[in-house]
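Just below is one structure, and these are the notes that go with it.
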Amino acid sequence: MDISNFLLMRQEIMLLSIVLLLIIAEIFIPNDKKSSIVHFAIFLFGIHTILGFVGLSEGSLFGGSFQTTKLVYFFKNVLNVGVLIVLLQSADWIQEKVVKENKGSEFFILLFSSLLGMYFMISAGDFLMFYIGLELGTLPVAALAAYETSKRISSESGIKFILSAALASGAALFGVSLLYATSGSIFFADIIPTITASNLTILGFVLFFSGLAFKISIVPFHFWTADVYEGAPISVSSYLSVISKGAAVFILMILLFTVLKPLMYIWENMIYGLTIATMLIGNLFALRQQNMKRFLAFSSIAQAGFILLGIISGTQLGATTAIYFVLVYIFSNLAAFGVVQAISLKTGKENMDDYNGLYRTNPKLSLVMMLALFSLAGIPPVAGFFGKFFLFTSAASEGYYLLVFIAAANATVSLYYYLLVVRAMFIRKNEHPIPFFNSKIYMRLGLIVSVIGILVLGLYSPLYDYIFELNGFLNQ
Amino acid sequence: MDILSLFVAVPVLTILGLLLTKGLAQARVVSMVGSIVQLGMAINLVFAYFRERAVNDSVMLFTRDLTWFENFNIHYAIGVDGISVALLLLTTIVVLAGVFISWKVEDLPKEFFISLLVLSTGVYGFFISLDLFTMFVFYEIAVIPMYLLIGIWGSGPKEYSAMKLTLMLMGASAVLLVGVLGIYFNSNADGGELTFNILEIAKVNIQFEAQKLFFPLTFVGFAVLGALFPFHTWSPDGHASAPTAVSMLHAGVLMKLGGYGIFRVALFLMPEGAMDWSWFFIILSATGVIYGAFGALRQTDLKYINAYSSVSHLGMVLFALLMFNKTAWNGAILQSLSHGLMTALFFALIGMIYGRTHTRDITKLGGLLKVIPFISVIYVVAGMASLGLPGFSGFVAEMNIFVGAFQNEQLFYRIATIVSVSAIVVTAVYTLRVVGIMLMGKVTNPEYLDLPKTTWFEKTGILLLLIPVVGMGVAPLWISDMVMDSIKLFMQ
């Protein structure tokens, strides 16, 4: 094999080298200068992100178990940008809290390993690579969720996550083995011509699907979400809510639209029900949440329901919109988590009532939060509106008018609880508001990037056209 | 930049300018300048419209079309006819008057004016849009600032009212969304491309089955904003809690989006569906006309009285639109304009009375004519316009509506018309009741004897609205011609 073939894996190799570099740095940097590792990690990852955009070559490796296309590159770049924002937003927390406990570099190592797993999962050409990626993407997150060892709730969330994740990936693995039993191959390309809707195949598919549904937190696989989000450090919650969810959506879409396309008449009915359940349950539970992290957890469940609207249509338009929506969702949700993170870091307050009167003391943060929430709720002119409108359009294009109506009604319900936060920040008065504070440069940068994303993604249409061209292969 | 895009660009620039200001004094001056420029542009547009109309007889003038999202065939398509020009002019007047009335906003002035201008941007954009998507975007942009405007600067149960208003209107937009998508996916009925462009879709005959399904959705989606009974409940609560300028814009302009949207989208694109459903919505709107009038009769809070009166007057607009008759349609548009000016005037006056007496309960007020004569006299004038006295805008509008409506010879339409006309009598009763209790008689409360005089900015705001009310009544022809021309082209 030619060495240049490995260039197809260069994003994986680069990320792995970053992890190794960080391990070396951990050994050689003296303990009193450990906080510089934060700059080092962010700098390396920034370069990695930028390099991801150049020199895209397509192809496959290892007899087809690793494959990469322009679309896959795009997915990885989206994840990279998301992770970069997460890093920027958590830099202050790591410097102030984590480095003191002398585990700063481990945070990055674990996070990047998890991201590496996501890469392999998206690039998978067979179920083996897929499963390895899934596991590598999941296990480090459990350690991250339990990262604040001094807090009981954090350890609890780590345990909860690892137990439910193990169960989910067990189910997925069982599903994969059944699919192998019926088709005789684990390679996607070989499965496509032989797949038939036998009972065993359907059982395998359902089990496999539930494994991924767990990652996306689709109802009824969502029970871990709120508890884990609440207990885990905010950086980890935001990583779980956008990156891990986004990666799972990407691979689910690829599989549904290629390998499992012959079963579409089965999975579209299944997804129809799951969409409604996910939106409804997510919304209803979000209505009464006081803790901002739990609130965002249920909101992210509801958003997962909306993403399914794009998948259900089974068309190129739907796939494009789902990808676009995930991109928009990453920016919007990260902006919201960023504000929660900034406030929690300075004051330790995480409840909605604490946000009362925030606009009077911290107008900029409140505006960022408002934009993020409007984007999540789907209010123009921010990006979320376009994402939602296109999702509705793509579902309606296949005649799902009733589903669109239910979804639109759910969007109105979700507007209610997003407005509750706006009400707290802008309308309510507070005798002891959160005092004015300035965030550090990384946090600001993280918020600015997300806000730019929220504002630009919607109004700037060529990006959508670009994604549309990328996933032409899904339109078979 | 073309003459129409400026209507979106100038408010946006004003908002950007406002971001740089500090304090009330700067904020109000910047918004005043921006609004005056808008008014100038609208007046200029009226003249430009007449010049262009003389040589050009296409339905829409000053059209412009830029591709936005290629895959959905979404365009930034704009253009105006006489109806939109008239409504744009109305909007600019009300916005400017609103800025003058809010001259003394103490709390967060910058944010107040920004929200106000975001709202007006949405309204301008809505009136110039020829693309359903663009129209929908602007519709939502116009609605959402209401939440902050009522929530932050409102009074009374403001959190409740703001939430109720926003959720009802956004719920309506969810219904509308399904209607819009239904139109979009049926716009290739003759084998063409899917499109959101209103003029393109109008050329296509959407299948009757689809029209029957999507007309009511589109109609209700817009009609909630036009306070269709029984979806009007957001409006009285919203008005009562809103600050003065917001009530003015809300009743004067925002509620007009409903009638305009029904005319431009629901009726224009799905006429057969409309015919099929008209009986049902005529019953609802006629009920609204009567219900609103009687509701106003029972209220003692000035704002509630006017809110219910708006329900009644806008019910007439919806009623007239469903008549499929040029005269009635002309009346509907004129009623929109007339009601917009008149209600804005009412709310401005109520704001001034409340600002001085600190109550809006008419049973506690009395003899105001003696202590604040300027406000009181104008109130009487506005009341006369509201009850449709000849010489004011309301008369021309209501005359057209009922003459047009009565031309339908079927018994059902006749009965509906007679029922609605009777609301005019009730209108006279509740208007005169307020005038009698609040303005005439002795001064009930000695504290009222030394109420402060009206200031220059209050007077400017009032006159801005009063002049067109009288002007439309005395010389209705030019505006009625403008509207009528467009309706004729529209019907072809």
(message) Averaging the inverse of every distinct alpha carbon separation and then flipping it gives the Kirkwood radius. What is it for the range B:424-492, in angstrom units?
(response) 16.4 Å
(message) Please compute the volume of the convex hull spanned by the alpha-carbon atoms of chain B and report it per residue in Å³.
(response) 128 Å³
(request) Enumerate the calculated ³J(HN,Hα) couplings along the range B:392-408 in order (Karplus 6.51 cos²θ - 1.76 cosθ + 1.60, θ = phi - 60°), each rounded to whole Hz, writing x wherever the residue is Gly or Pro. (result) 10, 4, x, 4, 4, 5, 5, 3, 4, 4, 6, 4, x, 5, 6, 5, 5
(request) Report, in degrees rounded to the nearest 10, the 0 to 90 angle that the Cα long axis of helix B:411-434 makes with the longest principal axis of chain B. (result) 20 degrees
(request) Working from Cα positions, state the angle (0 to 90°, nearest 10) between the long axis of helix B:373-386 and the longest principal axis of chain B. (result) 30 degrees
(message) Using DSSP to call loops (not H, G, I, E or B), can you name the GluC sites (Glu not before Pro) in the range B:163-223 whose Cβ has at most 16 other Cβ atoms within 10 angstrom?
(response) B:E193
(request) For peptide A:406-413, compute the average count of partner chain beta-carbon atoms within 10 Å of each residue's beta-carbon. (result) 5
(message) For a quick check: with amide H placed at 1.01 Å from N, whose amide H comes under 5 Å from A:D126's, ignoring anything fewer than 5 positions away on the same chain?
(response) A:F188
(message) Expected output is a single nm value to one decimal: the length gained when fully extending between B:Q410 and B:L194, i.e. 0.36 nm times separation in residues minus the C-alpha distance. What is it?
(response) 74.0 nm
(message) Suppose each label sits 7 Å from its Cα in the direction of the beta carbon; what would the B:V29-A:L7 distance come out to in nanometres?
(response) 6.3 nm
(request) Calculate how steeply helix B:302-321 sits against the longest principal axis of the alpha-carbon atoms of chain B, using the helix alpha-carbon long axis, and give the answer as 0 to 90 degrees to the nearest 10. (result) 20 degrees
(message) Spelling out what I want: for every residue of the range A:132-140, take phi, set θ = phi - 60°, compute 6.51 cos²θ - 1.76 cosθ + 1.60 (Karplus), and round to whole Hz; glycine and proline get x.
(response) 4, x, 4, 5, 5, x, 8, 4, x
(message) Report the Cα centroid-to-centroid distance between the range B:108-176 and the range A:225-275 in angstrom, as an integer.
(response) 34 Å
(request) Work the Kirkwood hydrodynamic radius out for the range A:148-264: mean of 1/r over every pair of different alpha-carbon atoms, inverted, in Å. (result) 15.3 Å
(request) For an R0 of 25 angstrom, estimate the FRET efficiency from the Cβ-Cβ distance between B:E52 and B:V474 and round to the nearest 0.05. (result) 0.40
(request) Just rank A:D353, A:D126, fewest to most, by other beta-carbon atoms within 10 angstrom. (result) A:D353, A:D126
(message) Quick check on my link table: of A:K76/A:K215; A:K215/A:K346; A:K34/A:K76; B:K158/B:K459; A:K160/A:K215, which ones sit more than 25 Å apart, alpha carbon to alpha carbon?
(response) A:K215/A:K346; A:K34/A:K76; B:K158/B:K459
(request) Over all directions, average the projected area of the Cα convex hull of the range A:3-474 and note it in nm². (result) 20.8 nm²
(request) Subtract the Cα-Cα distance of B:F294 and B:I467 from 0.36 nm times their separation in residues, and report this length gain in nm to one decimal. (result) 59.4 nm
(request) Starting from 0 in steps of 10 Å, tell me what percent of the Cα-Cα pairs of the range A:305-349 lands in each bin. (result) 28, 32, 20, 15, 5
(request) Would you kindly derive the ³J(HN,Hα) couplings of the range B:149-163 from the backbone phi angles with the Karplus curve 6.51 cos²θ - 1.76 cosθ + 1.60 (θ = phi - 60°), listing them in order in whole Hz, with x for Gly and Pro? (result) 4, 6, x, 7, 9, x, 9, x, x, 5, 5, 5, 5, 5, 5
(request) Could you please report the charge total around B:Y76, scoring K, R as +1 and D, E as -1 over all other residues with beta-carbon less than 15 angstrom from its beta-carbon? (result) -4
(request) Return the aspartates and glutamates within reach of B:K110: Cα separation strictly under 17 angstrom, same-chain partners fewer than 8 residues apart disregarded; answer none if there are no such residues. (result) none
(request) Let me see the pair-distance distribution of the protein assembly as shown: every alpha carbon pair, 10 Å bin width, integer percents in order. (result) 2, 12, 20, 22, 18, 13, 8, 4, 1, 0, 0
(message) Here is the link list: A:K70/A:K245; B:K212/B:K256; B:K212/B:K326; A:K103/A:K364; A:K33/A:K245; A:K364/B:K22. Which ones come out longer than 27 Å on Cα distance?
(response) A:K103/A:K364; A:K33/A:K245
(request) For B:A77, list long-range residues whose amide hydrogen, built 1.01 Å from N in the peptide plane, is under 5 Å from its own amide hydrogen. (result) B:L66, B:L130, B:D131
(request) Using a/c under 1.5 as the rounded threshold, could you call the range B:229-303 rounded, prolate or oblate? The axes a ≥ b ≥ c are square roots of the C-alpha gyration tensor eigenvalues, and prolate needs a/b larger than b/c, oblate otherwise. (result) oblate
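Computed from the coordinates by the stated procedures, all read-outs in this text should not be read as laboratory data. Being a predicted model, the structure only gives us computed values, none of them experimental. Note that each Cβ is placed from the backbone with ideal geometry, even for glycine, and that neighbours are counted across all protein chains shown.
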